[in-house]
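The block underneath contains the structure these notes are about, expressed in structure tokens.
The values are calculated or read from the model by the stated rules, or taken from the named source; none is laboratory data. Computed from a predicted model, the values in this text were never measured in an experiment. Don't worry about glycine lacking a Cβ; one is built from the backbone with ideal geometry, like all the others, and counts go over all protein chains shown. Just the protein is used for accessible areas: all its heavy atoms, side chains included, with ligands, DNA and RNA removed. Shrake-Rupley method; radii C 1.70, N 1.55, O 1.52, S 1.80 Å.
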Amino acid sequence: MTNSIEEVLDNDAMFVIGSNTTENHPVIGTFMKQAIRRGTKLIVADPRRIELADYADVFLQIKPGTNIALINGMIHVIIENKLYDRDFVDKHTENFEELKKVVKDYTPELAAEICGVDKEDIIKAARIYAEAERAGIYYAMGITQHTTGTHSVMSLSNLSLICGNIGKEGAGINPLRGQNNVQGACDMGGLPTDLPGYQKVFKDEAREKFERVWKVKLPSKVGLTVPEILDEAEKGKIKFLYIMGENPMVSDPDINHVKKALTSLDFLIVQDIFLTETAELADVVLPAASFAEKDGTFTNTERRVQRIRKAIEPVGAAKADWQILTDLMVRLGHDKKYSHPSEIMDEIRSVTPSYRGISYDRIEVEGIQWPCTYMKHPGTKYLHREGIARGKGLLMAVDHRDSAEVPDSEYPFILTTGRLLYQYHTRTMTGRVDGLNKLAPESFVEINDATANKLNISNGDKVRLTTRRGSIITTARVTEIVDEGVVFMPFHYTEGAVNYLTNTKLDEHAKIPELKVAAVKIEKVGS
Amino acid sequence: MVRITINGVEYQVEDDITILEACNRLDIPIPTLCHDERLNPYGACRLCLVELKGKNKLEASCTTKVRDGMEVETHSDKVVRTRREILDLLFSNHPEDCLTCEKSGDCKLQDYCYEYGVEKGSYLGEKRDYSIDDSNHFYTYDPNKCILCGKCVRVCDQLQGTSAIGFENRGFKTKVSTPFDMGLAKSTCVSCGNCVAACPVGALLPKRKIRYRAWEVKKVKTTCSYCGVGCQMYLLVKGNQVVGVEPAEGKPNNGLLCVKGRFGYSFINHTDRLKTPLIKRNGKFEEASWEEVYDLIVSKIKESKAKYGPNSLAGLTSARCTNEENYLFQKMFRALIGTNNVDHCARL
């Protein structure tokens, strides 16, 4: 997030796209609802009529995979009606003419046709966003999990830049990160291209800096992403895989492929708190301590580095992940044996400019938001305050492109996926909480009532869903939440797992799979 | 700034604040059951009454703004007598089950009755006799213990934005209820438990698998391990078990939680937890020692590296683990194994 969570209350307008905030970031959802009561205008764009749609001034029920067309349509309206911030565009952006040229074709009529919405609603949304003094964009994986994910993010950036909605309190671009420490895992270099602090492995200067501190020669070749690792494992090129706290056998697209990949390995280690579906396939399973059994820090979606604290001893012989890693590293020749996570944070600080001012002492009472570049730095509430970080905001003219799979006569519906309030990711934790399982016990598919009627499907019927990758049986939930032609499934469940069906096609830049769009066939079981 | 005199001492305080806020900032204790600084002032419980010089009527300090020259008595005889009367009225219509009440030790009504010497209710007569709503999976509502402070209703409405509950009826029959009194399970309640956290008495209580008294638990502040909001909360610990969760004030969650953070903790001490390292032999997992697995892993790393080169190894680090752990994981792969094949589920 360029802004802070509390700045939700400072927005004059919010544009929520591809985020079911009240279910997936519930407490941010409550702040949004508080803001609406104070008069903040709300635009919601989503293939489903999510709870926030009920509060929206404009709700755009777009077809999955049409984000760019919608945003380009809004930019078209904003430019045509001269609602953009000319002064900001002149001073702080580049490539405006190119953007203007590309969005010229995206008339509200065309955008409305691609997205399957009313053109008047696109015009209204554009006006609300552009006319707000301070507007915030909030998005999640409805934007990113597409083969056009990177371009979708760029188009949101275009929208925000031309309206000068960046670098201000209560105005910015706010990706809502899904997992407790996905922000921190990225910050710490849990990426094949990046050393801690987004310092690139292929840049000599960055690598040399780490080589000096770590006293070892580092590889310069960019590594593989998760989907690439699985592909290479299936081909027999990756022999050894160490998985810490992940469950790709439920979370990753095309589970048949994931299983083939994992079983092709010479050696698989899984380190987790439960014997997950993935751990079942491992050669060695390491019992890890839960978050309640260790000290450390998580970095939240607003870049705030916060403490977790050891409340109980690890169960059985389980050990904190940092202890397991320290033990292994010493055996692999590492020269340091850390005795507490604060020592690791001290090392992180020494090599990561954005964390340089963060120590356990400083975050004892309240977390600090990076960038925090020296020990007295108060942290950064919102980004780009002193101007756009790269100098000038680069407007990236991008076109709408169809999803990798579009419906056809054999697979006539669009399948999209998401999450539920009462479950979390692959249910390793929430699957063991009775009350949550009573509220959200099993896999289901949401089907529009008109579609269900045509297929002779009633609420509660067992249905078979088939894509080019697999087939599963689940329970039909007949509803008006989704439009005709679109069906939705939560991905949490092992039984009736939607990821047997999802597409592995990747966004070429970010290598994110297109989990939000697959072409699917639906049949009533027994018919 | 304005000058006010409280209990004979003169203070300079900000203008446009209430007497209660001024007293809170000055560490002058004033009892209240309905006040929550996150909510609009409500003035329901009347316990925060104070005496103002020149005024015959006592004023609720939570709804009265400070004025220059104001002279306030927070504990005059009249004030204390009135507070005792209010507590007596409340306790007269309250079950006298403090011995077994789960809220005992953490109950504001109990604390104030103790402080003001209310041992039992002196208004003998009809008491409420409602059934307990235990239809929600995570908490119960006992209307007989409710003091009608309205905090739950206002939190659900003003902060949570769900408005699942409201008041029904008038006077003695006033009750917090769901629409048509259909019960919580059939309401729009999303089980966030923010009402439970706000309840000053034992009317709204979390369902507990393991029972505990308030004084038996240690509270450890931590960060929620579910989504990326990073809510601050306390783990309630009894022995070596996490027996509950309470929200923490301040950034980023302002004392709010969702159903998972608040009630989704029982996985921690679940019997399914992995408790020992496992090695698969002939297709079956066998328990092993840490030394054994470490030796095996190190030999496999060396073997794979020697035979196929460092890029035949890969690691998935975790968005669920700490910064420190992610840092070590990528350092191990880059510096000790020699590959950049490190990624995690940021895309999933």
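Okay, here's what the table says:
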{"quantity": "Of all residues making up region A:273-290, the number that are touching a residue at least 40 places away in the same chain (Cβ under 8 Å) and surrounded by fewer than 24 Cβ atoms within 10 Å (Cβ to Cβ)", "calculated": "2"}
{"quantity": "Filter result for the condition that a residue is over 17 Å from the mean Cα position of the chain (by Cα) and either buried (at least 18 other Cβ atoms within 10 Å of the Cβ) or more than 22 Å from A:L439 (Cα to Cα) (or both), over B:G117, B:G105", "calculated": "B:G117"}
{"quantity": "B:L99 of a type in the set (A, V, I, L, M, F, W, C) and surrounded by 15 or more Cβ atoms within 10 Å (Cβ to Cβ)", "calculated": "no"}
{"quantity": "Output for region A:196-216, where each listed residue is open to solvent by 10 Å² or more (accessible area, probe 1.4 Å) and facing another protein chain (nearest Cβ under 8 Å)", "calculated": "A:W214, A:V216"}
{"quantity": "Total residues in region A:129-150, condition crowded, with 21+ Cβ neighbours inside 10 Å, assigned to a helix (DSSP H, G or I) and over 14 Å from the mean Cα position of the chain (by Cα)", "calculated": "2"}
{"quantity": "Residues of region A:152-195 classified as touching a Pro at 6+ places or on another chain (Cβ under 8 Å) and either open to solvent by 10 Å² or more (accessible area, probe 1.4 Å) or of a type in the set (S, T, N, Q) (or both), total", "calculated": "1"}
{"quantity": "Selected residue (only one of B:A185, B:A197 is of a type in the set (G, A, S) and within 10 Å of chain A (Cβ to nearest Cβ))", "calculated": "B:A185"}
{"quantity": "Residue in region B:285-308 that is of a type in the set (A, V, I, L, M, F, W, C) and in contact with a Cys (Cβ under 8 Å, 6 or more places away or on another chain) present", "calculated": "no"}
{"quantity": "Residues within region B:158-203 that are buried (at least 19 other Cβ atoms within 10 Å of the Cβ) and either within 18 Å of the chain's Cα centre (by Cα) or not in a strand (DSSP E or B) (or both), tallied", "calculated": "24"}
{"quantity": "Residue ranges of helices (runs of 4 or more DSSP H) in region B:1-117 with at least 1 members hydroxyl-bearing (S, T, Y)", "calculated": "B:77-92, B:108-115"}
{"quantity": "Qualifying strands (runs of 3 or more DSSP E) (wholly inside region A:411-466; at least 3 residues being surrounded by 23 or more Cβ atoms within 10 Å (Cβ to Cβ))", "calculated": "A:413-418"}
{"quantity": "Residue pairs meeting the criteria (Cβ under 7 Å; at least 6 apart or on separate chains; first within 11 Å of another protein chain (Cβ to nearest Cβ) and more than 22 Å from A:S471 (Cα to Cα), in region A:509-522; second open to solvent by less than 10 Å² (accessible area, probe 1.4 Å) and small (G, A, S))", "calculated": "A:A510/A:G149; A:I512/A:G149"}
{"quantity": "Neighbours by Cβ (under 9 Å, 6+ apart or cross-chain): first from region B:83-110, closer than 15 Å to B:C146 by Cβ and of a type in the set (F, W, Y); second in a helix (DSSP H, G or I) and at pLDDT 95 or above", "calculated": "B:F91/B:L109; B:F91/B:C113"}
{"quantity": "Residues that are small (G, A, S) and more than 7 Å from chain A (Cβ to nearest Cβ), drawn from region B:224-258", "calculated": "B:G239, B:G244, B:A248, B:G255"}
{"quantity": "Filtered residues of region A:298-325 (kept if assigned to a helix (DSSP H, G or I) and either farther than 20 Å from B:R320 by Cα or within 7 Å of chain B (Cβ to nearest Cβ) (or both))", "calculated": "A:D321, A:W322, A:L325"}
{"quantity": "Residue check, B:K218 within 11 Å of chain A (Cβ to nearest Cβ), open to solvent by 60 Å² or more (accessible area, probe 1.4 Å) and modelled with pLDDT of 95 or more", "calculated": "yes"}
{"quantity": "Neighbours by Cβ (under 7 Å, 6+ apart or cross-chain): first from region A:367-395, farther than 17 Å from A:L156 by Cβ and of a type outside the set (S, T, Y); second open to solvent by 60 Å² or more (accessible area, probe 1.4 Å) and in a strand (DSSP E or B)", "calculated": "A:K392/A:E94"}
{"quantity": "Hey, A:V351 open to solvent by 70 Å² or more (accessible area, probe 1.4 Å), more than 22 Å from B:V293 (Cα to Cα) and of a type in the set (A, V, I, L, M) or not", "calculated": "no"}
{"quantity": "One residue from A:Y139, A:Y129 being at pLDDT 95 or above, in contact with a Pro (Cβ under 9 Å, 6 or more places away or on another chain) and of a type in the set (F, W, Y)", "calculated": "A:Y139"}
{"quantity": "Flag if A:G379 is open to solvent by less than 30 Å² (accessible area, probe 1.4 Å) and at positive phi", "calculated": "yes"}
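Residues checked against (1) open to solvent by less than 60 Å² (accessible area, probe 1.4 Å); (2) touching a residue at least 40 places away in the same chain (Cβ under 8 Å):
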site: A:G65; (1), (2): yes, yes
site: A:L70; (1), (2): yes, yes
site: A:G73; (1), (2): yes, yes
site: A:E80; (1), (2): no, no
site: A:L83; (1), (2): yes, yes
site: A:K91; (1), (2): no, no
site: A:F96; (1), (2): yes, yes
site: A:K101; (1), (2): no, yes
site: A:Y106; (1), (2): yes, yes
